[in-house]
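The next block holds one structure in the form of structure tokens; read it before the comments.
The values are calculated or read from the model by the stated rules, or taken from the named source; none is laboratory data. Keep in mind it's a predicted model, so treat the numbers as computed, not measured. When we count neighbours, we look across all protein chains shown, and the Cβ atoms used for this are built from the backbone with ideal geometry, even at glycine.
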Amino acid sequence: MRSVRDFGEDTIYFVSYAKLPSDTAATYVHKVVGVGFLINIKTGIIEDVMVTLISDLVKDFLSYLIIGHNIEKDGIDDIIEKLETRFFGYSQKAVVVATKGVYRRYLNWKEENHIQ
């Protein structure tokens, strides 16, 4: 029997996608990269990250760069800077675009739900 993680009621998942360049291995499996953040809406902390790339090392590295970031207090600029200075995969631009999309979705959700 598969165990299911306990996600508290204060965590919400936001995801966005961006087109991958044609010269990546992931493009043969996916046409887009998906980036998702599990955000604790009470604290603003990114608790987990999903990236739809093939390499587990890339997924782990991107998670390392992003998990623990307070998106509410610090916005997205620090994450983008880390992606642009520490991740030099062919999918870098697509990951950055998708990450910005996740942030926009988070801000839209806050606005739609009248959350300050």
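Structure data summary
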| item | result |
| --- | --- |
| Within region 72-92, tally of residues that are among the aliphatic types (A, V, I, L, M) and more than 27 Å from Gln116 (Cα to Cα) | 1 |
| Test: residue in region 95-108 that is under 29 Å from Lys31 (Cβ atoms), under 14 Å from the mean Cα position of the chain (by Cα) and of a type in the set (Phe, Trp, Tyr) | yes |
| Candidate set: region 83-113, residues that are among the basic types (Lys, Arg) and in contact with a strand residue (DSSP E or B) (Cβ under 9 Å, 6 or more places away or on another chain); chosen: the one nearest to Ile54 (Cα to Cα) | Lys93 |
| Output for region 18-54, where each listed residue is among the small types (Gly, Ala, Ser) and modelled with pLDDT of 85 or more | Ala18, Gly34, Gly36, Gly44 |
| Long-range neighbours under 9 Å by Cβ, at least six apart or interchain, first residue free of Cβ contacts under 8 Å to residues at least 60 places away in the same chain and over 13 Å from Gly36 (Cβ atoms) within region 60-74, second surrounded by fewer than 15 Cβ atoms within 10 Å (Cβ to Cβ) and of a type in the set (Asp, Glu) | His69/Asp78 |
